[in-house]
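Just below is one structure, and these are the notes that go with it.
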Amino acid sequence: MTAATPNAPTSVSLLRPLLVFALLIPIGVLFGQAWQGQSDRLSFAAKERHGIEYLTTLGQVTTALTDAQSAAVAGRAVDRAAVTRAVDAATAVDERLGDELRTSERWSGLRVKIEALSSVPAGDKTRAYEAYGEVTDLLLALYGKVRENSQLIRDPEADTYFLQDGAAEELPESVVAAGKFADLMVIAAARPAAERASAIADLTVARGSVLDPAADLADGLQSAVDSTESRTLGGNLLSRLDRFRRSMDALAASAGTLDGRSPLPPADRLNTARVEVQSAASELSNSILAELDVLIADRQSGIRTERILSLVAFAVAVLGCAVPTVLALRKRRRRRRPFGGPHRTLPPRAAGPEQSESQWEPVGASR
């Protein structure tokens, strides 16, 4: 029992670092998980912002194509330069982001279709309407591809989700539908009276296609404003949304009753209403995408702050565990090595024959 006692301090001193190491393992695991989660969220947000950049250029292509379609159907000169500028801008963005968003193949195919529109015979209203309609359908599909591959469609926050839904789905659908509606009115006006009934039926369906996405857009943006913590979102969007809704209502109303008995309105009136829709939609789209980018950028800033706090907390935890252990080890070393130097036990001196008992008498003893 007594022989094991000197080893007890040594066992305790060895156990303390092991306990500290065992405590640091779960702390390190939690820190690693938090760091990885924050890295994933930063990558998610960065990809969303790339999607926003791509969607901005697609908005320019949408405007240029709907203008060109209306001009081609009405028999006016198409502004090829505007289409080329929009296509070149989208191509530049696709060259940078297409591999990441997996859009390069689709954009290349769409670009070929757009370039082929110049070969559509002038004056053939139906042929022009169908050719441009095919291209705008592909364009809307590309919107969906960008939305999906940039992960905007999986955004976890309510306000940003409704914003991306409006900018990448309802708004471009509304612009394309408005252009088709106005163009169908031009085509219907050129048809003989015997075909007027089927034309009216097509116009009635087209008018519904104009109003439905506009109503969905308004509901979605209102939900975004109601759920956001941003102080500027409502003021920046709602006035532009009101202008867009008024323009869509004016376009639908400009067609008249569509009862088959009343004459169809003149094409100039519809084109004026369509241009206002397009202008209001462009303004609203730019505002939505700008606000969306700001919200996601703020989210990235918050995640970076979390990373700094996580790193500081991990450092404090490591120091809190390591410093007491180091101090305890240093204290133990001082105990084992006193100030006078290492203690050495000298062997006993053997008494020689020349030594007498008087040599071991105390000092000062009387002889």
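Laboratory data are not the source of any read-out in this text; all were calculated from the coordinates shown. All values derive from a computational prediction rather than experimental measurement. Note that we place each Cβ from the backbone using ideal geometry, even for glycine, and neighbour counts take in every protein chain shown.
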Set the Förster radius R0 to 30 Å, insert the Cβ-Cβ distance between Val294 and Ala92 as r into 1/(1 + (r/R0)^6), and round the FRET efficiency to 0.05. 0.80
For the pair Ser209 and Asp79, the simple spin-label estimate (label points 7 Å beyond Cα toward Cβ) gives in nm 2.4 nm
Given just the C-alpha atoms of segment 52-302, how large is their convex hull per residue in cubic angstrom? 113 Å³
Among the GluC sites (Glu not before Pro) within segment 115-171, which fall in a DSSP loop and have no more than 11 other Cβ atoms within 10 Å of their own Cβ? none
Per the 1/(1 + (r/R0)^6) rule, R0 = 35 Å and r from the Cβ atoms of Gln222 and Val318, FRET efficiency to 0.05 is 0.10
Treat the count of other C-beta atoms within 10 Å as a stand-in for reagent exposure and order Trp35, Trp107 from fewest to most. Trp35, Trp107
Simple spin-label model, 7 Å along Cα-to-Cβ: Ala122 to Thr305 in nm? 6.0 nm
